[in-house]
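Participant: Here it is, the structure, as structure tokens.
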Amino acid sequence: MSTRGMLIVLSGPSGVGKGTVRKAMLKNSSIKFDYSVSMTTRQMRPGEVDGVDYYFRTNEEFEEEISNDGMLEYAKYVDHYYGTPLKYVNQKLDAGIDVLLEIEVNGAMQVREKMPDGVFIFLTPPDLTSLRDRITHRGTDDEKTIDKRMEKAKKEIQMMTSYDYAVVNDKIPNAVEKIEGIIRSEHLRVARVIDQYKKIIGD
Ligand code: 5GP
């Protein structure tokens, strides 16, 4: 029987660069994990692909998934639903494959309740000015939405204390290196490996 995979939750304010960090990590062959594609009701941005960046769904479709207990977690973020389909996560973890979620803080706290043995990593911006710059340069949101996202970001940063690790995203390669280090160390935790040793010593 293979060891159950590890759930890695990468969270933090919108615009902090979670997506960029996740993509950079996927390219690094030394760390293997599968990414759980989220479901959302927000509009598709130019260049995004359904089923790759998100599963883009209507409000009705999303709410149906909720009532069918199909979501591991979900949150309303800036007027839209975002959530993690449960089935995919369980299938991968059962197969011994690590799964990475890239989600906002309310969702991360729901996952913490349901899957407390996950690894919860909070990605922080070096400061709030650089966060605003990043969201503005992305060019996908109007001023009002940017203001809303910034207000939300301040509240989100206060929630850092509920996480296991805080990683500053000053430069992508630095953040990636730190997260890889966290994942490697977490795999060596006695609580995660003890079952294998119990087999050797016959319980
Ligand atoms: P964006 O609209 O910029 O793609 O995402 C907005 C926020 O929703 C980001 O902080 C992003 O990480 C978060 N998000 C993406 N997918 C999920 C999800 O499945 N669940 C939750 N709770 N948040 C998500």
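The values are calculated or read from the model by the stated rules, or taken from the named source; none is laboratory data. Predicted model only: the values in this text are computed from it and were never measured. Every residue, glycine as well, gets a Cβ built from its backbone with ideal geometry; the counts of neighbours run over all protein chains shown. The protein model used for the area step is the full one, side chains on, heavy atoms only, and it has no ligands, DNA or RNA in it. Shrake-Rupley method; radii C 1.70, N 1.55, O 1.52, S 1.80 Å.
Participant: What number of residues within region 33-84 satisfy the criterion of being of a type in the set (D, E, K, R) and open to solvent by less than 30 Å² (accessible area, probe 1.4 Å)?
Facilitator: Going residue by residue through region 33-84, those that are of a type in the set (D, E, K, R) are 34, 42, 45, 48, 50, 53, 57, 60-61, 63-65, 69, 73, 76, 79.
Narrowing the set further to residues that are open to solvent by less than 30 Å² (accessible area, probe 1.4 Å) leaves 42, 73.
Adding up the residues that qualify gives 2.
Participant: Looking at D142, D133, D98, D94, can you tell me which residue is touching a helix residue (DSSP H, G or I) at 6+ places or on another chain (Cβ under 9 Å) and among the acidic types (D, E)?
Facilitator: D98
Participant: Is region 13-33 home to any residue that is closer than 24 Å to E186 by Cβ, in a strand (DSSP E or B), in contact (Cβ under 8 Å) with a residue 12 or more places away in the chain and of a type in the set (V, I, T)?
Facilitator: Going residue by residue through region 13-33, those that are closer than 24 Å to E186 by Cβ are 13, 16-33.
So of that shortlist, the ones also in a strand (DSSP E or B) come out as none.
So far as region 13-33 goes, no, none of its residues is closer than 24 Å to E186 by Cβ, in a strand (DSSP E or B), in contact (Cβ under 8 Å) with a residue 12 or more places away in the chain and of a type in the set (V, I, T).
Participant: Restricting attention to region 7-26, does a residue exist that is of a type in the set (S, T, N, Q) and more than 12 Å from the ligand (Cβ to nearest atom)?
Facilitator: No: zero hits.
Participant: Based on this model, can you work out whether R132 counts as out of contact with any Lys or Arg (no Cβ under 8 Å at 6 or more places or on another chain), open to solvent by 60 Å² or more (accessible area, probe 1.4 Å), more than 13 Å from the ligand (Cβ to nearest atom) and over 24 Å from L101 (Cβ atoms)? Please lay out each step first, then the result.
Facilitator: On the way: out of contact with any Lys or Arg (no Cβ under 8 Å at 6 or more places or on another chain): yes; open to solvent by 60 Å² or more (accessible area, probe 1.4 Å): yes; more than 13 Å from the ligand (Cβ to nearest atom): yes; over 24 Å from L101 (Cβ atoms): yes.
Answer is yes for this residue.
Conditions tested, residue by residue: (1) open to solvent by 10 Å² or more (accessible area, probe 1.4 Å); (2) assigned to a loop (DSSP other than H, G, I, E, B); (3) within 13 Å of the ligand (Cβ to nearest atom); (4) over 20 Å from H187 (Cα atoms).
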residue: I97; (1), (2), (3), (4): yes, yes, no, no
residue: Q110; (1), (2), (3), (4): yes, no, yes, yes
residue: P116; (1), (2), (3), (4): yes, yes, no, no
residue: D147; (1), (2), (3), (4): yes, no, no, yes
residue: M159; (1), (2), (3), (4): yes, no, yes, yes
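Participant: Do you know which of the residues in region 169-198 that are open to solvent by 60 Å² or more (accessible area, probe 1.4 Å) and not in a helix (DSSP H, G or I) is nearest to L123 (Cα to Cα)?
Facilitator: D170
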